[in-house]
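Engineer: Provided herewith is a single structure, encoded as structure tokens, for subsequent inquiry.
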Amino acid sequence: MTTPLILHITDAHVTGHGVEIRRDDFKVRIPGITHPTREDVLDLLLARLAERLINDGRKLDAVVFSGDAALGGQLAGHKALYEIISRNLEVVGIDASRIVATPGNHDVPQGEDPGSEERYKAFIDAWRSSGCITPWLDGVDGKNAVNSDMHRLVAEDQSWAIFPLNSANWSHTTSLLDPPLATIWDQIEGLLTVSDNAEKAKLRKQLESLIRYDMARVSEDQLEVFRQLVDETPGPKDGPQVRIAAIHHHLRAPSMREEIKAFADFTNLELLWAALGERRIDIVLHGHKHEHAARHKLLAGPDGNRRRALIISGATFDARQEADAVRTLELKGLPWVPSVDLERFSIGRGGLDLKALERESISLWRPTDAGEGSTVIHGTNLDEVYQRACEAAQSEANGTTLIVDLDLPTTEGKAVPIGYPAPASLEDQERERWFNELAGWWQLQHSRLEKRVPYHHGGRLYRYAGAFDQISRVKKILARKPSSRALAILIDPIRDFDPEGENEDFASFCSVQFRKREVGPKSFIVDIIAYYRAQEFRRWWPINIAELRALQLMVCDGTRILPGRITTMTAEARAFGRSPTEVSVPVIDRWLDQHPARLFLLATYLANGSKAETTDARQAVIDGWMQSIAEFEQAAEQFNQDGVPLAIEGLDALACYIDALEPTGELKRFAEVLKGVVNANRAYADTKQERTDFDRWGARPLLPELRELSAKLLGIAAS
């Protein structure tokens, strides 16, 4: 996924004929020495920005202008600003189709009615007629045949989209007067004893200002179109889309600076917040207040859950405020863990390089804090929650408490999240099968590997202390009524604990609780809460989620009682384990429990070589064996302080099957090498598995020959 770069410009306040910025102290007027204009400094700033991007090998993906191109109603500023942007930024990928523009209160003429063509003529002539993206305009655009391409900008890969909104339709609007004031309003000037024409004009202007209001409002008609536009916008293949709204007026004050005037804020702000929340807007860009701020706002999403939106207030530039003229937003971590790198640029001077303020990185998804030392992540999408949990475990939650709530749809059939480090050789369908078999092994009621893996989860749940079925007990409790006693534990202090706390080897998965709650008449949901003393998220957490889902389904009846939320509580979160194979009990050993026939088939395929008929079943067995060899090789590459999974029982069974075939030649040598690996693994398993033991591990030198002989006997390539 790319990292899009968006430039935000607001409140340029240009006129086209030059507006001086008196940034220097001219006590004496000297010919040829003049103040620069706003047009001059903006032109230089964008030229420097383009130069920097070219040097960095970057391009801009979009320019967002959030209103007030003009100054004091001098509407030629629209065309002037558009030309400055086009002239400087064309070399870094910007044409009209990548410019999003929305009008501000200075961009509409006073005296023109809301929703009139005259109100938007200069804006349309400069921006829309050039091919820029502009908002739907009240009174100008129809509601029934909305041209989506005119009112939104969508990335080529649909990973982000920008939607402009118009808040200036009622800016500088004259209020309607009621009688009797309405009947004498036009006569007031004549009733006053003012003879000086200049004074009369000044008086008339003051009178008109009493009934003119600079109102910020977004109509329900426009919000209805906005709803339609967002819902019809195509999303990315995987993951959520980052949605950006651009509007002129502020949605919240960017500072404590007080502004006292009528209609200082949106008249229908709560409606606007609700519309932005329901359409899952992630970022709002605005101007108007001429101050920078970047703050989060909790909005109610379409599912009722509160989610965070980032509200960015853009500043402008003048003689006293040069440091925050424009800003870039670089979108990172798309699609699952999006963040914004916000960089602000000051207006420059001739001969100097571009000046930037310190870059600020702001998360668009970061979990809420549940108290000191605890991080909480909520979500309904397995892929999204997985990526965000891994990111949190790698950063702010690393080594601390991480709580993850996952509300999976009842019909969710997917098990492997996107990005899970399954063997690269597996196709999508094979990944699901491989993953489900692995997760299923951890929940088997009996395993022949329990002596070597004493913390096997299924054995602890279904045969606690060798005999007690805890899940059967939970089912009986929940069948009667909701109860806090529906609890199962996987730690046995008598078996697992040492009085001195030494040489203990027990599961990270400590306990699981089932919570039944009523959601309707005779209708219930079962939530499941699991506690882990430590948890590795990249490889282990999805396995644990698959286990917990299976346990949920086991205690639900699929009709009146359905599976609900899955919560994992981890006292010590880790993003990555020390070994990539910690979670993966070797395939060849799992076959002994789950598919013992595959071991027999593998022995016959090795004996018959390429003469065996090629079938899907044969290929699956061969793929599983070669994958096992790859896992052995991976485990032997680098010392792991937590130990490595050692294939013993499955290899031993395979060697016995081959011995029964009375092997000769290469097959006999294969059996000898196989037994050598088994014996070496047994010897290593009986050590403390420290670095010196790893260096002496006898299986390592046998693995190349094991791969070579396997390939020859099966008639396949050795790689």
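Engineer: Under unit Cβ charges (Lys, Arg +1; Asp, Glu -1), what dipole magnitude, rounded to 20 debye, does the stretch 1-155 have relative to its Cα centre?
Structural biologist: On the way: 17 positive and 23 negative charges, 84 e Å.
It comes to approximately 400 debye.
Engineer: Let me ask something else. For each pair in Lys237/Lys297; Lys143/Lys261; Lys59/Lys355, compute the distance between the two Cα atoms and list the pairs where it is over 24 Å.
Structural biologist: As for pairs spanning more than 24 Å Cα to Cα, those are Lys237/Lys297; Lys143/Lys261.
Engineer: Mind checking the dipole of the stretch 314-395: about its Cα centre, +1 per Lys or Arg Cβ, -1 per Asp or Glu Cβ, Debye to the nearest 20? Mind dumping the intermediate values first?
Structural biologist: Details: 9 positive and 14 negative charges, 41 e Å.
Rounded to the nearest 20 debye, it is 200 debye.
Engineer: Further question on the same structure: Just want to confirm a number: the relative contact order over the stretch 36-175, from Cα pairs under 8 angstrom separated by 6+ residues, in percent.
Structural biologist: Once divided by the residue count of the stretch 36-175, the mean separation gives 24 percent.
Engineer: Here's a follow-up. Quick one: which residues, 5 or more positions from Trp697 or on another chain, have an amide H under 5 Å from its amide H? H modelled 1.01 Å from N in the peptide plane, none for Pro or chain starts.
Structural biologist: none
Engineer: For the chain, what is the mean residue ellipticity at 222 nm derived from helices alone (per DSSP H run of n ≥ 4: -39500 (n - 2.57); sum divided by total residues; nearest 500 deg cm²/dmol)? Intermediate values should be presented prior to the final figure.
Structural biologist: Details: 21 runs with 241 residues, N = 719.
So the calculated ellipticity at 222 nm is -10500 deg cm²/dmol.
Engineer: Right, something else. Taking square-rooted eigenvalues a ≥ b ≥ c of the alpha carbon gyration tensor, is the stretch 193-283 rounded, prolate or oblate, where a/c under 1.5 means rounded and, failing that, a/b exceeding b/c means prolate? Let's see the in-between values first.
Structural biologist: Details: a/c = 3.95, a/b = 2.80, b/c = 1.41.
The shape class here is prolate.
Engineer: Using the Cα atoms of the stretch 392-538, I'd like the radius of gyration and the largest Cα-Cα distance, Dmax, both in angstrom.
Structural biologist: Here Rg and the maximum Cα pair distance are 17.7, 53 Å.
Engineer: Okay, moving on. What does the charge count near Asn105 come to, summing +1 for each Lys or Arg and -1 for each Asp or Glu among other residues with Cβ under 9 Å from its Cβ?
Structural biologist: Here the charged neighbours net out to -3.
Engineer: Right, another one. Once ligands and nucleic acids are excluded and a 1.4 Å probe is used, how much of Ile491 is accessible, expressed in Å² to the nearest 10?
Structural biologist: 20 Å²
Engineer: Keeping all protein chains in place, calculate the accessible area per residue for the stretch 229-332 (probe 1.4 angstrom), answer in Å².
Structural biologist: 42 Å²
Engineer: Ignoring ligands and nucleic acids, what accessible area does Trp160 show with a 1.4 Å probe (Å², nearest 10)?
Structural biologist: 10 Å²
Engineer: Right, another one. So what is the accessible area of the stretch 514-595 per residue, in Å², with the probe set to 1.4 Å?
Structural biologist: Accessible area per residue, the stretch 514-595: 36 Å².
Engineer: Also, I was wondering about something else. What do you get for GluC sites (Glu not before Pro) in the stretch 480-528 restricted to DSSP loop and a cutoff of at most 11 other Cβ within 10 Å of the site's Cβ?
Structural biologist: Glu500, Glu502, Glu504
Engineer: With a 1.4 Å probe and all protein chains in place, put Tyr531, Tyr120 in order of accessible area, largest first. Before the final figure, lay out each step's value.
Structural biologist: Values: Tyr531 95, Tyr120 0 Å².
The ordering from most to least exposed comes out as Tyr531, Tyr120.
Engineer: Let me ask something additional. Over all distinct Cα pairs, what is the inverse of the mean 1/r for the stretch 481-609, reported as the Kirkwood hydrodynamic radius in Å? Before the final figure, lay out the partial values.
Structural biologist: Values: mean 1/r = 0.0565 Å⁻¹.
This gives a value of 17.7 Å.
Engineer: Heavy atoms only, probe 1.4 angstrom, no DNA, RNA or ligands counted: give me Glu384, Glu322, Glu547 ranked by accessible area, highest first.
Structural biologist: Glu322, Glu384, Glu547
Engineer: If you don't mind, another one. Convex hull over the Cα atoms of the stretch 311-451, averaged projected area in nm²? Show your work: numbers first, answer last.
Structural biologist: Values: hull surface 61.6 nm².
Value for the stretch 311-451: 15.4 nm².
Engineer: Where a Cα-Cα gap under 14 Å defines reach, which aspartates and glutamates qualify for Lys516, not counting those fewer than 8 residues away within the same chain?
Structural biologist: Asp527, Asp557
Engineer: Within the stretch 1-83, list the chymotrypsin sites (Phe, Trp or Tyr not before Pro) lying in a DSSP loop whose Cβ has at most 13 other Cβ atoms in a 10 Å radius.
Structural biologist: Phe26
Engineer: Given axes a ≥ b ≥ c from the Cα gyration tensor, I'd like to know whether the stretch 221-359 is rounded (a/c under 1.5), prolate (a/b larger than b/c) or oblate.
Structural biologist: oblate
Engineer: Among all the lysines, which ones have a C-alpha under 24 Å from Lys688's C-alpha, if same-chain residues fewer than 8 places away are not counted?
Structural biologist: Correct list for Lys688: Lys451, Lys675.
Engineer: A further question on this structure: Answer with one residue from Ile260, His286, Leu223: the one whose Cα lies farthest towards the positive end of the charge dipole of the stretch 204-304, charges on Cβ with Lys, Arg +1 and Asp, Glu -1.
Structural biologist: Ile260
Engineer: Right, next: For the stretch 81-212, taking Cα atoms only, what is the radius of gyration to one decimal and the Dmax to the nearest whole Å?
Structural biologist: 20.6, 69
Engineer: Under the √(5λ) rule applied to the eigenvalues of the Cα gyration tensor, what semi-axes describe the equivalent ellipsoid of the chain? Give them in Å, descending.
Structural biologist: 67, 30, 22
Engineer: Just to verify a number: what accessible area does Thr615 come out at with the full protein assembly present, 1.4 Å probe, Å² rounded to tens?
Structural biologist: The accessible area of Thr615 comes to roughly 60 Å².
Engineer: Testing the spin-label approximation: label points 7 Å from Cα along Cα→Cβ at Asp659 and Arg495. State their distance in nm.
Structural biologist: Distance between label points: 3.0 nm.
Engineer: Average the reciprocal distances over every distinct pair of alpha-carbons in the stretch 6-145, invert the result, and give the Kirkwood radius in Å.
Structural biologist: 16.2 Å
Engineer: In addition: Given the chain, what percent of its DSSP beta bridges are antiparallel, to the nearest 5? Could the numbers behind the result be given before it?
Structural biologist: Values: 52 of 90 bridges.
The answer is about 60 percent antiparallel.
Engineer: Per residue of the stretch 110-119, in order, report the coupling 6.51 cos²θ - 1.76 cosθ + 1.60 (Karplus, θ = phi - 60°) as ³J(HN,Hα) in whole Hz, putting x for Gly and Pro.
Structural biologist: 5, x, 8, 5, x, x, 9, 5, 4, 5
Engineer: Given a 1.4 Å probe and every protein chain left where it sits, what share in percent of the accessible area of the chain is carbon and sulfur?
Structural biologist: Numbers: 16480 of 33480 Å².
Of the solvent-accessible surface of the chain, carbon and sulfur hold 49 percent.
Engineer: While we're looking at this one, here's another question. Please list Thr37, Thr410 in order of solvent-accessible area, largest first, computed with a 1.4 Å probe with all protein chains present.
Structural biologist: Details: Thr37 25, Thr410 75 Å².
The ranking, largest first, comes out as Thr410, Thr37.
Engineer: Amide H to amide H under 5 Å from Val64: which residues, 5+ apart in sequence or cross-chain, H placed 1.01 Å off N in plane?
Structural biologist: Under 5 Å from the amide H of Val64 lie the amide H atoms of Leu7, His8, Ile9, Val100, each far enough along the sequence or on another chain.
Engineer: Along the charge dipole of the chain, pointing to its positive end and built from +1/-1 on Cβ of Lys, Arg, Asp and Glu, which listed residue (Tyr532, Pro542, Gly609) has its Cα farthest out?
Structural biologist: Working it through, the farthest residue towards the positive pole turns out to be Tyr532.
Engineer: Right, here's the next one. So, counting K/R as plus one and D/E as minus one, what does the shell of residues with Cβ under 13 Å around Ala264 add up to? It would help to have the intermediate numbers written out before the result.
Structural biologist: Numbers: positive: Arg217, Arg252, Arg257, Lys261, Lys289; negative: Asp214, Glu258, Glu259, Asp265.
Net local charge, Ala264 excluded: +1.
Engineer: With +1 on each Lys and Arg Cβ and -1 on each Asp and Glu Cβ, how big is the dipole of the chain about its Cα centre, in debye rounded to the nearest 20?
Structural biologist: 1300 debye
The values are calculated or read from the model by the stated rules, or taken from the named source; none is laboratory data. These numbers come from a predicted model, not from an experiment. Cβ: placed from backbone, ideal geometry, glycine included. Neighbour counts: every protein chain shown. Areas reflect the complete protein model, heavy atoms only, side chains present, ligands, DNA and RNA absent. Shrake-Rupley method; radii C 1.70, N 1.55, O 1.52, S 1.80 Å.
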